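Student: I am attaching a structure below and will ask some questions about it afterwards.
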Amino acid sequence: MSEVEFSIPKPLDNSYFFPQQKVMIDKDDINCVDPFFAYEILYYSNRLSKPYPWENQEESILSVIALWEKEKRILAELYSKRSKEMQSNMKKGIALFYMLIFWSNDKPVQLTNEINTMEDWNLKAVNLEERLDFVVNNPHLYHSFAQLSELFMEQHKLFAKKQALQKR
């Protein structure tokens, strides 16, 4: 285990995901959700070698979708029990969605000014900015979970369409 402490780089400076300004990352066993956006932290710190997940999309996007499917089942159970634990699980789901949306658009996640960054993308759900803003600001609501699930489904379909067109 070779854990190294990293300061949160400027493009990821967001107190919702990083209340502390430092995280530990095991460079030999990178996990995209522990800490959130580990690949981007390493990338922005010039400590990540290629291939980047946003360049190796087929594998990385499928991995994010699989992680979301697990998290979605957990969240459905937590919401049905009205458990307060759903807040941290929603944060993980939102982080996974950021990875999906940025990586499927060939970019590393950027949390500073991210809504403006997304405006000109071709591969995004309808009204993404407004819908994502609602989810991020209301993670305790069941409707946010439902909205996040829809966003995942729509983005996954758009990515699958892009992949199919590229293979033609």
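Where a number appears in this text, it was derived from the coordinates with a stated rule and is not lab data. Computed from a prediction, not measured in an experiment: that's the story for all the values here. In this analysis, Cβ positions are derived from the backbone assuming ideal geometry, glycine residues included, and neighbour counts consider all displayed protein chains.
Student: So, R0 is 22 Å and r is the distance between the beta-carbons of residue 49 and residue 7; what FRET efficiency does that work out to, to 0.05?
Tutor: 0.65
Student: When every alpha-carbon pair in the stretch 96-139 is counted, what percent end up more than 15 Å apart?
Tutor: Summing the P(r) of the stretch 96-139 above 15 Å gives 36 percent of all pairs.
Student: While we're here: Modelling each spin label as a point 7 Å along the Cα-to-Cβ direction, I'd like the residue 62/residue 91 distance in nm, to one decimal.
Tutor: 3.1 nm
Student: Taking the beta-carbon count within 10 Å as an exposure proxy, list 109, 4, 126, 23 from fewest neighbours to most.
Tutor: Fewest to most other Cβ atoms nearby, the residues stand as 126, 4, 23, 109.
Student: Still on this structure, please answer the following. What is the gain in length, in nm to one decimal, between residue 34 and residue 162 on full extension, counting 0.36 nm per residue of separation less the C-alpha to C-alpha distance?
Tutor: 43.2 nm
Student: Once R0 is set to 45 Å, what does the formula 1/(1 + (r/R0)^6) return for the Cβ-Cβ distance between residue 123 and residue 15, expressed as a FRET efficiency to the nearest 0.05?
Tutor: Result of the calculation: an efficiency of 0.95.
Student: Okay, next question. Full-extension gain between residue 140 and residue 153, please, as 0.36 nm times their residue separation minus the C-alpha to C-alpha distance.
Tutor: Once the chain is fully extended between residue 140 and residue 153, it gains 2.6 nm.
Student: What does the helix-only formula give at 222 nm for the chain: each DSSP H stretch with n ≥ 4 adding -39500 (n - 2.57), the total divided by the residues, and the result rounded to the nearest 500 deg cm²/dmol?
Tutor: It comes out at -18000 deg cm²/dmol, rounded to the nearest 500.
Student: May I pose another question? Would you list 131, 168 from fewest to most Cβ contacts within 10 Å?
Tutor: In increasing order of surrounding Cβ atoms, one gets 168, 131.
Student: How big is the C-alpha Rg of the stretch 57-167 next to the rule-of-thumb value 2.2 N^0.38 Å, as a ratio?
Tutor: 1.04
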